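To start, the structure under review is shown below, and the notes come after it.
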Amino acid sequence: MDPNSQTDGIPAGAFGEWLAGFRASLLGNRGSDVPCGECRGCCISGYSVQIRPHDEQARALIPAKLLVSAPGFARNELTMAARPDGTCPMLHNNECTIYRNRPQTCRDYDCRVFAAAGLAAGGSDKAVINRRVCEWRFSYPTQSDRAAHAAVKAAATFIATKRSSFPGQRAPAGPTGIAVLACKTYAVFLAPDIQQRPDEEVARRILAASRKFHHI
Ligand code: SF4
């Protein structure tokens with residue numbers, strides 16, 4: 001993918017503006033506004049959908065038999081598994097039947113995060129999303145847009161390749177966790193001397209920068 005190309009692919013927006021919006025959505029201040037078009041990649045790629053306590057309308061519309069508690073989630077959180085073919089049980093005729101009342105998880109999902117981090121969404125089960133990720137093209141109206149994108153990519157590369165630098169290897173291993181953490185903590189990689197700092201110190205700075213999102 002050529003992130004500098006303005007002519008090919010699907011416009012993903014100005015990078016800095018997108019990043020600010022994505023971070024606001026991680027802080028619970030807004031959902032993502034993704035120009036999905038006809039793409040239903042995230043609804044057909046085998047994701048389990050986390051249903052939080054405040055998703056009352058979604059809970060009322062999703063058949064109870066589809067909602068189960070899952071390991072790793074808080075007791076009052078539920079999850080809805082995908083069908084065996086990877087599609088969400090709420091998807092019919094390629095449309096979400098509860099779109100207006102879809103859970104926060106779906107409102108927040110934004111596959112541009114993978115383009116931002118320079119990562120694929122996953123393996124062959126995420127092929128549709130991976131294709132979309134390759135099509136996104138951010139724009140860079142200012143130098144700080146470019147610097148921010150370079151910092152997000154540097155953060156993602158560090159998290160993916162330097163897990164042993166984190167205390168107890170406490171860093172995400174999957175592409176979603178890595179990309180999200182990179183967007184949360186990219187400012188660490190804007191520091192001019194960051195390349196000279198020991199890996200353990202960089203990891204500590206990443207964990208410190210991520211704490212402001214921990215209330216979620
Ligand atoms: S609930 Fe709707 S938006 Fe969410 S994954 Fe299922 S079909 Fe897609």
Problem set entry | Sole residue being closer than 27 Å to GLY123 by Cα and in contact with a Gly (Cβ under 8 Å, 6 or more places away or on another chain), chosen from GLY46, GLY72 | GLY46
For this session: For the stretch 44-75, name all the residues that are open to solvent by 50 Å² or more (accessible area, probe 1.4 Å), within 16 Å of the ligand (Cβ to nearest atom) and of a type in the set (D, E, K, R).
Result: ARG52, GLU56, ARG59, LYS65
Exercise. Does the stretch 21-43 hold any residues that are among the charged types (D, E, K, R) and either within 11 Å of the ligand (Cβ to nearest atom) or modelled with pLDDT of 90 or more (or both), and which are they?
Worked result: ARG23, GLU38, ARG40
Problem set entry | strands (runs of 3 or more DSSP E) wholly inside the stretch 1-85 that include at least 2 residues being assigned by TED's automatic domain parsing to the domain that holds GLN143 | 10-14
Exercise. Residue check: is ALA127 surrounded by fewer than 16 Cβ atoms within 10 Å (Cβ to Cβ) and aliphatic (A, V, I, L, M)?
Worked result: yes
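The values are calculated or read from the model by the stated rules, or taken from the named source; none is laboratory data. Small disclaimer: the values here were computed from a predicted structure and weren't measured. Glycine gets a Cβ as well: all are built from the backbone with ideal geometry, and neighbour counts include every protein chain shown. Just the protein is used for accessible areas: all its heavy atoms, side chains included, with ligands, DNA and RNA removed. Shrake-Rupley method; radii C 1.70, N 1.55, O 1.52, S 1.80 Å.
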